[in-house]
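In what follows, a structure is listed as structure tokens, so that the remarks can point back to it.
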Amino acid sequence: MSAPIKRLVVANRGEIALRIMRSCRDMGIETVAVFTTADRHAPHVAAADRAVPIGDDSDGGYLAGSRIIAAAREVGADAIHPGYGFLAENADFAQACLDAGLIFVGPAPEVIRLMGDKAAARRLVARAGLPCLPGHDGADQSDKALARAAAEIGYPVMVKPAAGGGGKGMRRVGAPDALPAALSAARAEARAAFGDDRLIIERALHGPRHVEVQIIADSHGKVLHLYERDCSLQRRHQKIIEEAPAPGLTDALRARLCDTAVQIARLAGYENAGTVEFLLEGDDAFHFLEMNTRIQVEHPVTEMVTGIDIVALQIEVAQGAALAIAQADIALQGHAIEARLYAEDSARGFLPSAGRVLRWQPPTGPGIRVDHALAEGGEVSLRHDPMLAKIIAHGMDRQQALGRLHFALGQTVLLGPDCNRDFLRDMLKVPALVSARVTTATVDEMTLRPQELSPDEIAFAAALFHHHAFRRARSLSCGLPDELAGWSNTGQLASRLEIDFGGQVGKLTIKTDGPDLTVRGEGLNAHVERQDDIWRVNGRAVPLLAWQCDGHDLHVATRARQFHVTRLVGTGKSGLQEGQGRVVAPMHGEIVEVVVAQGQKLDKGGRLAVLSAMKMQHDVRAPIAGRVGKVAVRPGQQVAAGDLLFEIEAAG
């Protein structure tokens, strides 16, 4: 056994850095955080025993392996834990750690290289006679060779990067004429995300389930599984909700899956924690998808149903210790479900969001665990992955876990950036999820539309704006008695308010009657009462959790939903008006490609450009049919949210 780890550098940030530090504290290991300039006040920095700066995000940030290793040597660390993302599956970084005399908490560099190459991993599994999808993973990467392979496999096919994972660069192609564009986009995204544009073509399954097996292996020949997780609920190949164990599996299928995962780990000579992922078809057939050579985002659900600290096992194995448990010691206890809280607008194609965290209230309760690194006043940046927190619920059975998670999400408050809290709550009520019939296509087949504010919610927002303005005015007044506030010798005072809610503009009139308000507008006539902290709209109590005014923006969280509205000042106009063709950037990012030229005709919804943000590529499309009047950007240009990209002259 190697010397025990006394001081460990966490080469990561956010909630996974805090998660690793928790296990280290329990094991008596001192922790060292590394941080970029933007993260100097981040929670993971405050939580560590020591912290070392590694420069700016613009010059490598958390991908600057040499600076992280230098930081480890500077503080006399014994080991580096990479978490997930960033350098976690970088074989060169793992080797550099070993060369520097540091313990790398993960598998050997040659194993990372082998299983990180999806083409090589496919060949390893197929040669052993284990289930693998028909596909092309050869050296010939020409469009002609890939098109020939797709024709032989039969459409639809999946186009996937040979390096990396996380859904980046993946494209489902249904017909030959769509293949060239898919290959071009997949190569560009893979090159940007992984520095490697090699591709794999595989047969695409219709609505499979995505099930993965957690394994742990030591350097003494012992390989164990910690059972499986179902990760089928996804958007753009990014997981949203995961649960353990996978519902509906027979004991025989579970045993086959877990045994196959152990065999694959043994074939690879694997040590430490890892995950073997499979696609399941309706007839209980399954196929190897890939192996992730790191701890997974969704590992908490496995910890909840097994009672095992996977991070602690990682560290023990990295120290050279033999696993002290046997397969027979690992038993399933109840059910656990995890929901990923993302900074994104679910109704607008899951576009990532950013901004300052105005209010954060994580849920609590029986069986609830929240992994996060959020702090009020902190910034959510588009430089990093949009996942903000993981909310996990454990119960005696699946029904209890679902109920606890739904209740916990209803108690969660995140004001500032847009987030998917309400989408997650809605998904927990979708019949396919309730009955455990979710597939990887479930979300893609849904029609997601922005949920319009109800008249009562509009009235309530107006009342909160009025209350905020009243509080500010009272703070500036010179001892005005409460009974004189809002008094007029001509009767009730009326004020006008113009607000934007989801692109719609409401012109409202507010009349005060002591603490009560009457809010009127087109199709709206509501009475709002307030007594202490209890608000009622037309007699119905509002389950208010939190609210915050930030300039002209009002952010509101109730148990039913979160929303924000904007008070319009001056012109009273917000966003694009009907028939207008100004196209602005929906988020910060880089223009990868400009598809159109000035003067070009196009239909509504036509592609204008490709914007890269959060390591994903997003199509920018025309809001109206017409002619391109102005092209305001060029490939390679960095843009901020709201920057002008194009002007479209309406047809006719």
- What number of residues in region 60-113 are hydrophobic (A, V, I, L, M, F, W, C) and farther than 21 Å from Thr31 by Cβ? 4
- Item | Enumeration of residues in region 76-119 that are touching a helix residue (DSSP H, G or I) at 6+ places or on another chain (Cβ under 6 Å) and either without any contact (Cβ under 8 Å) to a residue 12 or more places away in the chain or among the polar types (S, T, N, Q) (or both) | Gln95
- Message: Could you check region 252-299 and list, in sequence order, the residues that are farther than 19 Å from Ile112 by Cβ, modelled with pLDDT of 95 or more and in a loop (DSSP other than H, G, I, E, B)?
- Response: Glu298
- Note on the structure: Going through region 303-329 in order, the residues found to be farther than 22 Å from Arg19 by Cα and either within 30 Å of the chain's Cα centre (by Cα) or not in a loop (DSSP other than H, G, I, E, B) (or both) are Gln327, Ala328, Asp329
- Item | Test: residue in region 115-129 that is more than 19 Å from Ala273 (Cα to Cα), in contact with a His (Cβ under 8 Å, 6 or more places away or on another chain) and in a loop (DSSP other than H, G, I, E, B) | no
- Can you spot a residue in region 501-508 that is within 30 Å of Pro586 (Cβ to Cβ) and among the aromatic types (Phe, Trp, Tyr)? yes
- Which members of region 18-43 meet the condition of being under 22 Å from Gly101 (Cα atoms), of a type in the set (A, V, I, L, M) and in contact with a strand residue (DSSP E or B) (Cβ under 7 Å, 6 or more places away or on another chain)? Ile20, Met21, Ile29, Val32, Ala33, Val34
- What helices (runs of 4 or more DSSP H) completely inside region 365-445 contain at least 1 residues that are surrounded by 22 or more Cβ atoms within 10 Å (Cβ to Cβ) and either in the same structural domain as Glu298 (by TED's automatic domain parsing) or in contact (Cβ under 8 Å) with a residue 12 or more places away in the chain (or both)? 398-410, 421-427
- Message: If a residue must be part of a loop (DSSP other than H, G, I, E, B) and either of a type in the set (A, V, I, L, M) or farther than 11 Å from Gly167 by Cβ (or both), how many such residues does region 233-251 contain?
- Response: 6
- Task: With respect to Pro450, determine if the residue is surrounded by fewer than 17 Cβ atoms within 10 Å (Cβ to Cβ) and farther than 30 Å from Gly248 by Cα.
- Result: yes
- Query: Which members of region 45-68 meet the condition of being farther than 21 Å from Ala373 by Cβ and either assigned by TED's automatic domain parsing to the domain that holds Ile310 or touching a helix residue (DSSP H, G or I) at 6+ places or on another chain (Cβ under 6 Å) (or both)?
  - Reply: Gly65
- Task: Read through the list (1) assigned to a loop (DSSP other than H, G, I, E, B); (2) over 16 Å from His384 (Cα atoms), then give the number of the only condition that Ser66 fails.
- Result: (1)
- Message: Among (1) among the β-branched types (Val, Ile, Thr); (2) closer than 21 Å to Asp59 by Cα; (3) not in a helix (DSSP H, G or I), there is one condition Val45 misses while meeting the rest; what is its number?
- Response: (3)
- When restricted to Asp283, Asp345, Asp251, the only residue surrounded by fewer than 23 Cβ atoms within 10 Å (Cβ to Cβ) and touching a residue at least 40 places away in the same chain (Cβ under 8 Å) is Asp345
- Task: Within region 62-81, identify whether any single residue is under 27 Å from Arg356 (Cα atoms) and not aromatic (Phe, Trp, Tyr), and answer yes or no.
- Result: yes
- Note on the structure: Of the conditions (1) touching a Pro at 6+ places or on another chain (Cβ under 8 Å); (2) under 24 Å from Ala613 (Cβ atoms), the single one that Gly164 does not satisfy is (1)
- Residue check, Ala38 modelled with pLDDT of 95 or more and under 24 Å from the mean Cα position of the chain (by Cα): no
- In this structure, does Ile20 turn out to be surrounded by 17 or more Cβ atoms within 10 Å (Cβ to Cβ), touching a His at 6+ places or on another chain (Cβ under 7 Å), assigned to a helix (DSSP H, G or I) and touching a residue at least 40 places away in the same chain (Cβ under 8 Å)? yes
- Item | Positions within region 70-90 being in a helix (DSSP H, G or I) and surrounded by fewer than 21 Cβ atoms within 10 Å (Cβ to Cβ), in sequence order | Ala70, Arg73, Glu74
- Item | Scan of region 217-232 for residues that are assigned to a strand (DSSP E or B) and either under 18 Å from Arg348 (Cα atoms) or over 21 Å from the mean Cα position of the chain (by Cα) (or both), ordered by number | Ala217, Val223, Leu224, His225, Leu226, Tyr227, Glu228
- Residue list for region 156-181, restricted to those being without any contact (Cβ under 8 Å) to a residue 40 or more places away in the chain, farther than 17 Å from Asp117 by Cα and part of a loop (DSSP other than H, G, I, E, B): Gly174, Ala175
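The values are calculated or read from the model by the stated rules, or taken from the named source; none is laboratory data. Keep in mind that what you see is a predicted model, and the values were worked out from it rather than measured. Every residue, glycine as well, gets a Cβ built from its backbone with ideal geometry; the counts of neighbours run over all protein chains shown.
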